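Presented below is the structure to which this report refers.
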Amino acid sequence: MSEALDVRPGEETVDIPQAGDAALHFIGAIRTPWRTRRDCPRRGDMIEGPVCRVEIAPLWRPALKGLAGRSHAQILYWMHEARRDLVVQTPNHTGRSAGTFSLRSPNRPNPIASSIVALVEVLPDALLVRGLDCLDGTPLIDVKPETCPFDQARPPQGGP
């Protein structure tokens, strides 16, 4: 993992605080075919991408109730191998320096990612989905139903 600690020309780091402001509870893990960051696609493909498994820890499995029948969900996850100290980055694909908040890089102060995925199947202990772009074993933060217009199973909106 030494390559992840290299600083490219034009990049800038900061010393990150040791104490956190909040605590997260990982609610499961994501299983994908990608073992290294280089293997991960830049964006997941909801149509052609591989079926990935979003495993839910036993404590949180009752929270899956009501998700079956939906076509899409939003998956929030913790990019556990990302750097947290880069404030200016030089992406390989551009070679130009830019501030972290202007990039979609996994390297961020709080490496939280979200993907809208196609729900293939809702199991008692997991979701089978298409559209992820993270490493195998990535910690799961949350699952939310996606209520965009392509989800015909969403509840009707109230009001005239």
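General remarks:
- ASP136 paired with ILE47, simple spin-label distance in nm, labels 7 Å along Cα-to-beta-carbon: 2.8 nm
- Stretch gain in nm, segment SER102-ASP39, where the contour uses 0.36 nm per residue and the Cα spacing is subtracted: 20.3 nm
- Sorted by Cβ neighbour density within 10 Å, fewest at the top, the residues ASP6, ASP125: ASP6, ASP125
- Charging the Cβ of each Asp and Glu at -1 and of each Lys and Arg at +1, and nothing else, the dipole of segment 31-145 about its Cα centre rounds to 260 debye.
- Mean shadow area of the chain, taken as a quarter of the surface of its Cα convex hull (nm²): 11.9 nm²
- Length added when fully stretched, THR147-THR94, from 0.36 nm per residue minus Cα-Cα: 15.7 nm
- Neighbour-count ranking [beta-carbon atoms within 10 angstrom, fewest first] of LYS65, LYS144: LYS65, LYS144
- At full extension, LEU123 and GLN74 could sit 16.0 nm farther apart than now, given 0.36 nm per residue minus the alpha carbon distance.
- Shown for SER102, SER97: other C-beta atoms within 10 Å of each C-beta, ranked fewest to most, produce the order SER102, SER97.
- Low-density loop positions, chymotrypsin sites (Phe, Trp or Tyr not before Pro), segment 1-71 - DSSP coil, at most 16 other Cβ in 10 Å: PHE26
FYI, it's all coordinate maths here, none of it is from the lab. Nothing here was measured: the structure is a model prediction, and the numbers come from that model. So basically every Cβ, Gly included, is an ideal-geometry build from the backbone, and we count neighbours across all protein chains shown.
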